[in-house]
1. What are the residues in the stretch A:284-306 that are within 20 Å of the chain's Cα centre (by Cα) and surrounded by fewer than 20 Cβ atoms within 10 Å (Cβ to Cβ), if any?
2. Given the condition modelled with pLDDT of 95 or more, among the basic types (Lys, Arg) and in a loop (DSSP other than H, G, I, E, B), answer yes or no: does some residue in the stretch A:317-337 qualify?
3. Among the numbered criteria (1) crowded, with 16+ Cβ neighbours inside 10 Å; (2) of a type in the set (Gly, Ala, Ser); (3) in contact with a Lys or Arg (Cβ under 8 Å, 6 or more places away or on another chain); (4) at negative phi, which one does B:GLY18 miss?
4. Can you tell me which condition A:PRO272 does not meet? The list is (1) closer than 21 Å to A:SER113 by Cβ; (2) surrounded by fewer than 19 Cβ atoms within 10 Å (Cβ to Cβ); (3) in contact with a strand residue (DSSP E or B) (Cβ under 7 Å, 6 or more places away or on another chain), and all the others hold.
5. Mind checking which residues of the stretch A:128-150 are of a type in the set (A, V, I, L, M) and either touching a residue at least 24 places away in the same chain (Cβ under 8 Å) or more than 13 Å from chain B (Cβ to nearest Cβ) (or both)?
6. I'd like to verify a number: residues in the stretch B:1-49 that are assigned to a loop (DSSP other than H, G, I, E, B) and either hydrophobic (A, V, I, L, M, F, W, C) or at the interface with chain A (Cβ under 9 Å from one of its Cβ atoms) (or both), how many?
7. Assess whether A:ARG92 counts as being surrounded by fewer than 20 Cβ atoms within 10 Å (Cβ to Cβ), out of contact with any Ser or Thr (no Cβ under 7 Å at 6 or more places or on another chain) and within 14 Å of chain B (Cβ to nearest Cβ).
8. Looking at (1) touching a strand residue (DSSP E or B) at 6+ places or on another chain (Cβ under 6 Å); (2) of a type in the set (D, E, K, R); (3) closer than 24 Å to A:GLY211 by Cβ, which is the only condition A:GLU317 fails?
Amino acid sequence: MAERTAPATRPVVTGIGVAAPNGLGTQAYWSATLDGKSGIGRITRFDSDRYPVRVGGEVSEFDDTEHVPSRLAVQTDHWSHLGLTAADMALRDAALDPAGLAEYEMAVVTASSSGGTEFGQREIEKLWSQGPRFVGVYQSIAWFYAATTGQISIRYGMRGPCGVICTEQAGGLDVVAQARRLLRQDARMVVSGGTDASLCPYGLVAQMSNGLLSTRDDPERAYLPFDADACGYVPGEGGAMLVLETEAAARARDARPYGAIAGYAATFDPRPEPGGEPVSNLRRAVTGALDEARLTPDQVDVVFADAMAVPERDRLEAQAISAVFGPYGVPVTAPKTMTGRLYAGGAALDLATALLAIRDGVIPPTVGVRATAPACDLDLVRTIPRDGPVRTALVLARGHGGFNAAMVVTAT
Amino acid sequence: MTTFSLDDMRRIMGGCAGVPESVDLADDIGDVTFVELGYDSLAVLEMAARIQQELGVRIPDDAVDEMKTPQAAVDYVNRRLAA
């Protein structure tokens, strides 16, 4: 699935807000990322000792009551708190006052993959231990996937087309593609991106059922994508929100865009056959996104990998990248080695990171990986950032259940 | 006899429904409507649920609809407690 975008309506990103385990706020996150500072550590939001997964990426600087207005905080989950905070940062960064725009021309499309699990767990505990009358009314609106979108919409009076996309880790790109469609129609601006926060027993146990999470206790060795020692991924919380406008609208108000969304494609993997080889259609997503951007592989300066750190999935991703760019044919990086995989927030944060890489002309590193696995013939940017002009970046994301998405961002 | 004061109501409001940004619950809010204070119907329903748990009084849904202000809620609860 690929779509063409006429230059005048080309979507650009004019605001970024980040809530990440290694930094709250875009600047804090970006400096930490370039310094190779990880936010992965022992899970402290609950007593994780008795769970097989004990290491995660928590947004430790975040205070739900400090960062979210009281009335809003009581009726929303931690995941929405992170999303509301990132959206507010993104709007400020874009220097766009929603009060000055037509309410039906402002849209909100966010990604969510877990919904409000921590809130839900708290209410389920009350149900079981005290009875149904003790379940709070806000359970009815806090848990569901569209809650963050809805609360952003209400908070800023954004009454244009709103929605949520649940394609797990692919969601962070799929929402920006949806934002782009809305900008081609009547939307003047779109708040998009995603967060997730499922580091509670209920959320974590649900994630563990796929058998792909890392059970290693050493935070520095727990999440090693493309490494011969890869042992599954570390879950994290947080994500990023973006403000998107058409290039014409951004220029008209003298906004300075971080970059443009130049191409996108999504594909699906077939259901695995019992005993058969897994089939990945990630490559077709990559070529689809490049075709739409009218770029050739040699024009891409960096690939932000999905980086699952599950040996077979790493091999499939490396094969897809090498098939398009050639072995060791393009710098590849996975800064999410410093945050863990953020589910619906992951690709949104990668997209934000790619735009910062373009702005500053530097590729952020992948940390922890000592040597790539033999099946992964990738030029992985390891340990320290790599300088060099970055004009075009490709972001890859794979969501549980067979979702693939690829998005190309370019300097404007 | 147990009574329910406006201060009890203030505590329940802030505790379960939060405090609107432009409001100080310590102000003279007894006769200001919940809507004017920034509490929607869901918030009032939540307050009623907490009062029921704390005091063991039943507050039917149509009674919740009649509680337009904190003082109206206090008066209703005290009538129930006295009954």
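1. Those that are within 20 Å of the chain's Cα centre (by Cα) and surrounded by fewer than 20 Cβ atoms within 10 Å (Cβ to Cβ): none in the stretch A:284-306.
2. Taking the stretch A:317-337 as the starting set, the residues that turn out to be modelled with pLDDT of 95 or more are A:317-337.
Now drop any that are not among the basic types (Lys, Arg), which leaves A:336.
Still in the list and also in a loop (DSSP other than H, G, I, E, B): none.
Looking for residues that are modelled with pLDDT of 95 or more, among the basic types (Lys, Arg) and in a loop (DSSP other than H, G, I, E, B), one finds none in the stretch A:317-337, hence no.
3. Result: B:GLY18 passes all but (4).
4. (3)
5. In the first step, residues of the stretch A:128-150 are kept if they are of a type in the set (A, V, I, L, M); the result is A:135, A:137, A:141-142, A:146-147.
Those that are of a type in the set (A, V, I, L, M) and either touching a residue at least 24 places away in the same chain (Cβ under 8 Å) or more than 13 Å from chain B (Cβ to nearest Cβ) (or both): A:ILE141, A:ALA142, A:ALA146, A:ALA147.
6. From the stretch B:1-49, those assigned to a loop (DSSP other than H, G, I, E, B) are B:1-5, B:18-33, B:38-40; that's our starting set.
Cutting the leftovers down to either hydrophobic (A, V, I, L, M, F, W, C) or at the interface with chain A (Cβ under 9 Å from one of its Cβ atoms) (or both) gives us B:1, B:4, B:18-21, B:23, B:25-26, B:29, B:32, B:38-39.
Count: 13.
7. Working: surrounded by fewer than 20 Cβ atoms within 10 Å (Cβ to Cβ): yes; out of contact with any Ser or Thr (no Cβ under 7 Å at 6 or more places or on another chain): yes; within 14 Å of chain B (Cβ to nearest Cβ): no.
So A:ARG92 does not fit the description; no.
8. (1)
The values are calculated or read from the model by the stated rules, or taken from the named source; none is laboratory data. Only a predicted model underlies this, so the values are computations on that prediction, with no experimental measurement involved. Backbone-built Cβ (ideal geometry, glycine too); neighbour counts: all protein chains shown.
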